[in-house]
Amino acid sequence: MANRRFELFEYRQVLVRMRQGDSDRDIARGGLMGRKKLTTVRREAEARSWLDPVQPLPDDATIAGVFGRTPHLPHTCVSTVEPYREQVREWLAAGVQGTTIHAALQRNHGYAGSYCAVKRMLRHLAAERSVATTTILDFAPADAAQVDFGAGPVLTVEGIAVRTWIFVMTLCWSRHQYAEIVLDQTVETWLASHRRAFEWFGGCPDRVIIDNAKCAIIRACRYEPAVQRSYAALAEGYGFRIDACPPHDPQKKGVVESGVKYVKKSFVPLREFRDLADANRQLREWVMQQAGTRIHGTVHERPLTRFGVERPLLAALPDVPPVLSVWKEVAVHRDGHVVYKHALYSAPFTLVGKSLWLKATDTVIQLFHRHELVATHP
C-alpha cells in the first residue's frame, strides 16, 4: 500500500474518520490507508487545525494543494474474465491451478486475454470465499449496522416479470431490521436505501459493515473508485464509518447474511404481490409484526424490545438530509459534450479528450476537471 497513489476522496474520507476520533490503527485496519501514510496525513491536518470537528472540513482544492497532487482519475474496466466468472469460481473451488484455467479458457472459449487477468480474477474470487471458522463479535448498542442484498421475489410490472432484490440493514446489537424490495443494484438505489433505513430507525449507527462480496454493488464499493466516492460522500453526510471488511476476515460474522436468508425463507414464500408498492407494504408489516417480535435465536430476546434500548443511542439524523450524489468518470467527446444516462452535457471545449468527474444529484449535474468545477447543468 506504501506505493499506491491515493485519490482525493480517499484523503477526505481519512480526514473525516480522524475528525470522528478514530486512531490511525483503526483507520488502517479498515484498509483505507497504511499507518505510515496516515501519520503524515494526521501531522499535516493537525498543523492546519483540520481535525477540529467544530470547524468545517476544507474544500477539495485546499486538500489537494496540501497533499501535493491532484486526484488521479483511474480507469475502471470490466475484466476480460468476467464472462467466465462462475466457471472460474467452480474451477478454483476444485483446486485447479491458474495456468490450467487460463489454458482451458483459451481452448474452450477462445479467450484472448492475458494470464495476468486470470490471476487478478482468481485473487478476487479467493477473497470472496468464506472461512469456515468465524468469531462472533460483541456489539454495543448503536455501534454498527450491517447491510446486504439478497434475491427477492419475481414481480409483474406492467405485464412483465421483473427480478427484484431485497436490501436489508440490520442493527447488529438489537437485530432490528430495515428491509426493502428494489428493482436494481444501482448506486442510486444503494444510497437511497441507506437513507430510508436511517429514517426508519430514526437515527444512524456509528459504522456500517458491508461484507458480502458476491453482491454487485458491494463489490463495486471495494473496487470501483466512482462508487467508493459516492458512498464516502453519503457516509460523510450522515457521519457513519464505512467498515468494508474483507470477506475472508474470520473476525466478521454475517449478521445480516442470516437475516437475508430469514427474509427469503419466512417472508417471500406463499405470498402474492400486486406490485412493488404492495410488496414493500407487506414487507414492512412483516418486519414489525413477525421479524421484530420473534425471540431471536442468537440474542434470545425480541429485536423490537432491544431496539427500544438502542434507539435513543443512535446518532441523530441531520436536520437537512444530505444530498445524495452519484459520481462517474466521463470523457469529453470531440463535440465538447459528455454522456450520462443517454443525455448530453456540455463541457469547456478546451477539455476535449480529457477525463472529468461528473457529479449527479436529483437537481443538478456538475462536471469537475481534477478538483475544479468547470460546468453546471440544472
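Quick note: the coordinates plus some simple rules give every number you see, no bench work behind them. This is a predicted model, so every value here is computed, not measured.
Rg and Dmax of the stretch 266-378, based on Cα coordinates, read 23.4, 64 Å.
If you wrap a convex hull around the Cα atoms of the chain, how much volume per residue is inside, in Å³?
Working: hull volume 69.8 nm³, N = 378.
Convex hull of Cα atoms, per residue: 185 Å³.
So if I take the centroid of the Cα atoms in the stretch 1-42 and the same for the stretch 81-130, what is the distance between those two points in Å? Cα centroid of the stretch 1-42 versus Cα centroid of the stretch 81-130: 33 Å apart.
Could you work out the relative contact order of the chain? I mean the mean sequence separation of Cα pairs under 8 Å and 6+ apart, divided by the number of residues, in percent.
Details: 558 pairs, mean separation 58.7, N = 378.
For the chain, the relative contact order is 16 percent.
Here the convex hull built on the C-alpha positions of the stretch 97-198 has a volume of 193 cubic angstrom per residue.
Hey, what does the equivalent ellipsoid look like for the stretch 8-66, semi-axes from the Cα gyration tensor as sqrt of 5 times each eigenvalue, largest first, whole Å? Present the calculation step by step, with values, prior to reporting the outcome.
On the way: eigenvalues 58, 30, 21 Å².
That gives 17, 12, 10 Å for the three semi-axes.
Hey, what's the Kirkwood Rh for the stretch 1-42 if you take every pair of different alpha carbons, in angstrom? About 10.1 Å for the stretch 1-42. Relative contact order of the stretch 326-377: 32 percent, from C-alpha pairs under 8 Å at least 6 residues apart in sequence. When the scattering of the stretch 259-298 is computed by the Debye formula from its Cα atoms alone, each counted once and equally, what is log10 I(q)/I(0) at q = 0.18, 0.28, 0.31, 0.34 Å⁻¹? Rounded to two decimals, the profile gives -0.50, -1.06, -1.18, -1.26.
Computed over every Cα-Cα pair of the stretch 82-128 and binned at 10 Å starting from 0, the pair-distance distribution P(r) comes out as 28, 66, 6 percent.
Size descriptors for the stretch 317-378 (Cα atoms only): Rg and Dmax, in that order, 12.5, 44 Å.
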